[in-house]
Amino acid sequence: MSFDPFNVLPVINEDSEFFPLMSSEDEEEMNNEQVPEFLPILPLRNTVLFPGVVIPITVGRDKSIKLIRDANKGSRMIGVVAQQDVGIEDPAFNQLNKVGTVALIIKMLQMPDGNTTVILQGKKRFILKDEVQSEPYIKATIEPFKEVKTKEDKEFKAMISSIKDMAMSIIQLSPNIPSEAGIAIRNIESTSFLINFISSNMNADMNAKQNLLELPSLRERANTVLEHLTLDLQMLELKNQIQTKVRVDLDKQQRDYFLNQQLKTIQEELGGNSPDLEIENLRQRSLKKKWSIEVKGHFTKELEKLARINPAAADYSVQINYLELLLDLPWNEFTRDNFDLKRAQKILDKDHFGLDKVKHRIIEYLAVLKLKHNMKAPILCLVGPPGVGKTSLGKSIAKALGRKYVRMALGGIRDEAEIRGHRKTYIGAMPGRIIQSVKKAGAANPVFILDEIDKVGNDFRGDPSSALLEVLDPEQNSTFYDHYVEMDFDLSNVMFIATANSLSSIQPALLDRMEVIEVNGYTIEEKIEIAKQHLLPKQREAHGVKPKDVVVKNDVLEKIIEDYTRESGVRGLEKKIGSVVRGVAKNIAMDEPYNPMVTKSEVEKILGAPIYDKDLYEGNDVAGVVTGLAWTSVGGDILFIEASLSPGKGNLTLTGSLGDVMKESATIALAYLRAHADYFHINPKLFNQWDIHVHVPAGATPKDGPSAGITMLTALTSAFTQRKVKPHLAMTGEITLRGRVLPVGGLKEKILAAKRANIKEIIVCKSNKKDILEIKEHYIKDLQFHYVTDMREVINIALINEIVNEPLDLTVKEDLTPIMNN
């Protein structure tokens, strides 16, 4: 006996509400319903619908789906007939049984898997007469099935009681039938519905159920149902007796052995591997590995341990995963390096424009490796702003060397186990990402990119940057220990290349282990070449545009770079070029006339009005305004420091979203100016009678750093002496209280920004001369550099003797006038 939950749960429709456990009144009302003269006929493949019973049917045939949808829109009344042969996909009229059931569509459901399920309730039996139509589905004339009335005498009542008791016994003995079925049977009042309910759910084949449907007398149906239930009950009792006897006879060890043998047989039947076969496969794979004696001994020991574990135990899958990892790791497996240095140089030059320092270092490494084959790989750290090609350079290096390439993003990693792995005792343990990446590479000497190493965090779970100390130390990484692997793995042949935007957030001990190479931002000229050689061809290919369809000249590329991007790298430039190419692709696709030669006006039409204004020198008409040079995350920039005086008590006000270091620079500059007022011909009384306001424009942009020190002192000196600053002059440098000028960083980006802004002369610290010598000569050929060590030199170079305004209206005016007139 099986059980369908739809037969005991209430089914609610939009128009009607009913409980499918029928009473005698419900049955009498259903029997009095008129049967239509003809109905659409739904063939059922593997079930029989009885009157009063509610069943769900999954409709799969196109004809049946059409029938259900049409009927659901109309009277919702259909004829349901079981087909004679369940193997026929599309049965004809003569292949259906002659007795079926009129059914009401209660609800039609669209299931998540795309199938249609319809809930039907049987109403009355009918006899098929003639076929009216066969397409799009079968329609036939029907006539009501003639019921033979049954006299409900004592014998019949005893038979019904026996059926109820036997059904309850089957429900109790069978573990597959829910207890709700017993509640349903106890609450059925109608004798006819009870027989139909049990007939629908009992364990009988479709032919037996069809024979039951065709019996005209209720007594005959009840007698047949009783026979089936008796057989079902006997089979269940016999099965339970056998199971009880076996359970008593078999002890735990025998039971485990029996189940294991069954599992082994099932796996072999399904085409899987038995545990013994799996262990043998692992052993055969191990014979091909090039591992050391220690690793081989460890693997053999762990394999023997696996053989002793019960395959059904949870530890079995953990152990087999561990052994498969040991087999997958490339122990002493290396790719052969390509020592053709000229080829390597060509690949590096083709893939990346500029970046000469990095390329030179890679060629050096290859040259030494060619002469001395067992050299340890260098650990490089490429530092520079976003978008300059640090990460993509790793792919080119791997291509030039002929090595595998793997990349590991370190941004946001906070758990030390991400690097070293988890111990096997933990649930869900796995190796660290270093070992996983080497396994993925399939070789023990890949080019390994540690991306964004400056973004590594730390919290209560450990410090990942400390775990990286062992990875990036050439003296230690030959015995790298991962908690999951539990064996030393040699990383000394891996070429690690770390990338970072800033060195300030990298742990000093970690920084000390790496060879830092600065990857500076690109000049406009370099960006134009990169766009021509790399970005434009890449975007043409990405958008399916031929080279002849879109041509962009240097002056147009320069406009895109200056008016629509503000970055050190070329990531934003690539997006803008992509927008231009897409605009051309749209014209081609829509057959619109266009000029393949992209003009500046066409760029503005596609990209809109220019986003950025070029930072140009603003002149020196006002005293107290000095041009400084700044480094930002997107490259160099110029900034203007403004100083003004107003009557007051000598207070210093600083505005422009300045950081602490920059505020301290202003304080130092004012203190130095007070201490050396005589040298600069400033009346000391001025400092107590005039308030000083220093402002750095672009107030919403945070600014910090010591490099504006000499610029602030020059602005203050200019304001107090009312002497103008030399035209087309910019400066950068840190100052001390003694007036010393100290070197600063980011010189290349700052100088390129100065050149873009039409600056002609630059004042820098003498110690920065070495940085300027590293810049290619054609980038700085129009610039004049002044190298200084003391602040007095800066003032002598920067300020001219021309006084902008009349002497200030001071209480000490008579003392100040001769000084200013000089």
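Worth a mention:
- Rounded if a/c under 1.5, otherwise prolate or oblate - the chain, Cα gyration tensor axes: prolate
- Working from label points 7 Å from Cα in the Cα-to-Cβ sense, the residue 276 to residue 621 distance is 10.0 nm.
- Most simply put, the chain has about 60% antiparallel DSSP beta bridges, counting only bridges with both residues inside it.
- Taking each of 63/129; 605/781; 527/750 in turn, the alpha-carbon distance tops 26 angstrom for 605/781.
- By accessible area, using a 1.4 Å probe on protein heavy atoms only, the stretch 63-176 has 50% of its surface on carbon and sulfur.
- Unsatisfied cross-links (Cα-Cα over 26 Å) in the set 553/769; 357/455; 342/553: 553/769; 342/553
- Accessible surface, per residue, of the chain when the full set of protein chains is kept, probe 1.4 Å, Å²: 51
- The stretch 482-633 shape via C-alpha gyration tensor axes, a/c threshold 1.5: oblate
- Over 31 Å (Cα to Cα) - which of 296/404; 151/209; 440/538; 107/154; 289/395 fall in this group: 107/154
- Only Cα pairs under 8 Å and 6+ residues apart enter the sum, and on that basis the relative contact order of the stretch 542-698 stands at 23 percent.
- Bridging of residue 649 to lysines at a Cα separation below 26 Å is possible for 663, 685, 724, 813, once same-chain residues fewer than 8 apart are set aside.
- Rounded percent of accessible protein surface that carbon and sulfur make up, the stretch 554-695, 1.4 Å probe: 51
- Rounded to the nearest 20, the size of the Cβ-charge dipole of the stretch 521-597 about its Cα centre is 240 debye, with Lys and Arg at +1 and Asp and Glu at -1.
- Long-range HN-HN contacts of residue 726 with modeled amide H, under 5 Å: 799, 800
- With all protein chains in place and a 1.4 Å probe, the accessible surface of the stretch 444-533 carries 46 percent carbon and sulfur.
- Most to least packed among 139-150, 74-85 [average Cβ atoms within 10 Å]: 74-85, 139-150
- What the Cβ-Cβ distance of residue 180 and residue 95 gives, at R0 = 30 Å and to the nearest 0.05, is a FRET efficiency of 0.20.
- Charged side chains reduced to their Cβ positions (Lys and Arg at +1, Asp and Glu at -1) give the stretch 630-783 a dipole of some 400 debye around its Cα centre.
- Theoretical gain in end-to-end length, residue 414 to residue 651 [0.36 nm per residue, Cα-Cα removed]: 80.7 nm
- Reach of residue 546 by Cα under 16 Å, taken over aspartates and glutamates that are not fewer than 8 positions away in the same chain: 591
- In the chain, taking the dipole from charged Cβ atoms about the Cα centre, the farthest positive-side position among 163, 590, 716 is held by 716.
- Under 19 Å from residue 600, Cα to Cα: aspartates and glutamates that are on another chain or at least 8 residues apart: 525, 529, 549, 555, 558, 562, 563, 574, 613
- Under a model in which nothing but the beta-carbon of Lys, Arg (+1) and Asp, Glu (-1) is charged, the chain shows a dipole of about 2560 debye around its Cα centre.
- Subtracting the Cα-Cα distance of residue 243 and residue 502 from their residue separation scaled by 0.36 nm leaves 86.0 nm.
- Note that the stretch 660-727 carries a Kirkwood radius of 12.9 Å, evaluated over its alpha carbons pair by pair.
- Shape call, the stretch 399-510: gyration tensor on alpha carbons, a/c limit 1.5: oblate
The values are calculated or read from the model by the stated rules, or taken from the named source; none is laboratory data. As the structure is a computational prediction, the values presented were derived from the model and not from experiment. All Cβ positions, even for glycine, are placed from backbone atoms using ideal geometry, and neighbour counts span all protein chains on display. Remember, those area values only see protein heavy atoms, side chains included, never the ligands or the DNA or RNA. Shrake-Rupley method; radii C 1.70, N 1.55, O 1.52, S 1.80 Å.
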